[in-house]
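Report on one structure; see the data block that follows.
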Ligand SMILES: NC(=O)c1ccc[n+]([C@@H]2O[C@H](COP(=O)([O-])OP(=O)(O)OC[C@H]3O[C@@H](n4cnc5c(N)ncnc54)[C@H](O)[C@@H]3O)[C@@H](O)[C@H]2O)c1
């Protein structure tokens, strides 16, 4: 077993070198003196070899070979959803600390089992939930924690962009249900995490989905449109809207309506956050939040990488709460139950 941190440098192995990996690799690479990528893995040589050569590190086609390495303290799992559980389990069993892309696991029960295993083995299990590190959300979370908007009545989230090129790629797994570039499990779970983080648990949901791309493209099984509405235990309403076949850049809107103020965030706008206090207030920007319309996602992933590494180095818990990540999957499960029940309310 390794799992400790070697001196003051955390030795990182990355498993899965697909679409999302470049931003993670850049994030860990930027942590010179704190972290070092020592090995990478992908079952596809075409994905593996260029990254291994670029980094000048060992490349493995089988994750178990990477996990057997003594010079890996922690692994970053960037795999299709169904593989999160099995590979995280293998990594923990090999004594490695782990961070895994969202969703933590394909089911909430599996996520809970992994969290319990990590605790039992004395290892860190975190989730690379980049929403936790979007600059505007971090500042809004502080405002909310200080009670800025007053009691919250309504929270809205919108995730928009176009996955149509990915859905057109016949070699990709994204279109298949179990690997899922799906509006609820892949996208809305970001905001389910944000709800748990900022406002507490979700009480009940109703959901409907659309298969806009599926109507035009062969083989697409996943839903690319979803609206998930419901109530939070704190009493507020929420509405999460996702469109993965909408023709504009990838972005997110996030709105919090309290009885004293309303906070409106939009990653594609400059300034990204405006606060209104009352019906006649034209709004003021939230100071200190940079506009990052093209780089907000990569920046948040880099901050997430830094948080994971510093948590290991400092012996503290990572900022992403694994319990919130499990709750996010549980909300997704309730949303899919609602879809199957024709939009009927489901408790979480
Ligand atoms: N946070 C975000 O905004 C964001 C964005 C995109 C993807 N993601 C998440 O990242 C994860 C990966 O998504 P992606 O879009 O990069 O997927 P992808 O399909 O592009 O990449 C997956 C990679 O894993 C490799 N792979 C498959 N099975 C393997 C195995 N057994 N061992 C090693 N490698 C294997 C594939 O060859 C592929 O290169 C998913 O959990 C997804 O939800 C998050």
Principal-axis tilt of helix 108-121 within the chain, Cα atoms, nearest 10 degrees
50
Relative to 2.2 N^0.38 Å, what does the C-alpha radius of gyration of the chain come to as a ratio? Two decimals please.
0.98
According to the square roots a ≥ b ≥ c of the eigenvalues of the Cα gyration tensor, what is the shape class of segment 295-348, taking rounded for a/c under 1.5, prolate for a/b larger than b/c otherwise, and oblate for the remainder?
oblate
Quick check on the chain: of the DSSP beta bridges with both residues there, what percent are antiparallel, nearest 5%?
60
Degrees separating the helix 81-93 axis from the principal Cα axis of the chain, which is the longest one
50
As I understand it, the value is the acute angle between the Cα axis of helix 45-55 and the longest principal axis of the Cα atoms of the chain; what does it come to in degrees, rounded to 10?
80
With a cut-off of 8 Å between alpha carbons and a minimum separation of six or more residues, what is the relative contact order of segment 10-128 in percent?
23
Taking the Cα centre of each part, how many Å lie between segment 215-247 and segment 94-165?
18
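Using packing as a proxy for protection, rank 142-150, 280-288 so that the peptide with the highest average count of other Cβ atoms within 10 Å comes first.
142-150, 280-288
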Arranged by the count of other C-beta atoms within 10 angstrom, fewest first, what order do 327, 276, 216 take?
216, 276, 327
At a 10 angstrom cut-off on C-beta neighbours, averaged per residue, how do the peptides 165-176, 299-310 rank from highest to lowest?
299-310, 165-176
Contour minus end-to-end for residue 171 and residue 269, with contour as 0.36 nm per residue of separation and end-to-end as the Cα-Cα distance?
31.8 nm
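Of all the C-alpha pairs in segment 10-128, what % are more than 20 Å from each other?
Percentage above 20 Å: 35.
A short reminder: the numbers here are calculations on the coordinates, not readings from a lab. Just so it is clear, the structure is predicted and the values come from calculations on it, not from any experiment. All Cβ positions, even for glycine, are placed from backbone atoms using ideal geometry, and neighbour counts span all protein chains on display.
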